[in-house]
Amino acid sequence: MLLALRPATVHHGDCVGSDARFHAICREALGDAVRIVVHPPENPALRAFMPGDEVPPAALHRAGRRHHRRVQHDHRHARKAGRDVRIVAP
């Protein structure tokens, strides 16, 4: 999917597990052609510390329902701005 889409930018939550794997797959498949923005979790014990191209200071993930609402908000905002949004489930 990544090779077919060739996204200019991807975002992930910088958590251990699927976010870290997604980061590695993006770098392996697309190299430096993709800009990776990481949104660290509030709990540092959950963080994968992947070397992103950008780490927005105010874009921290939230746990539980609060996090889910934030993801929905970000998705709606990006769609309204005309951006192509793809969500990759773990």
Under the Karplus relation 6.51 cos²θ - 1.76 cosθ + 1.60, θ = phi - 60°, what is the ordered set of whole-Hz ³J(HN,Hα) values for the stretch 48-54, x standing for Gly and Pro? 8, 6, 6, x, x, 7, 8
Looks like the stretch 2-61, by Cα gyration tensor root eigenvalues a ≥ b ≥ c and the a/c under 1.5 rounded cutoff (else prolate when a/b is bigger than b/c, oblate otherwise), is prolate
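Read-outs: derived from the displayed coordinates by stated rules, not from any lab. Model, not experiment: these values are computed from the prediction.
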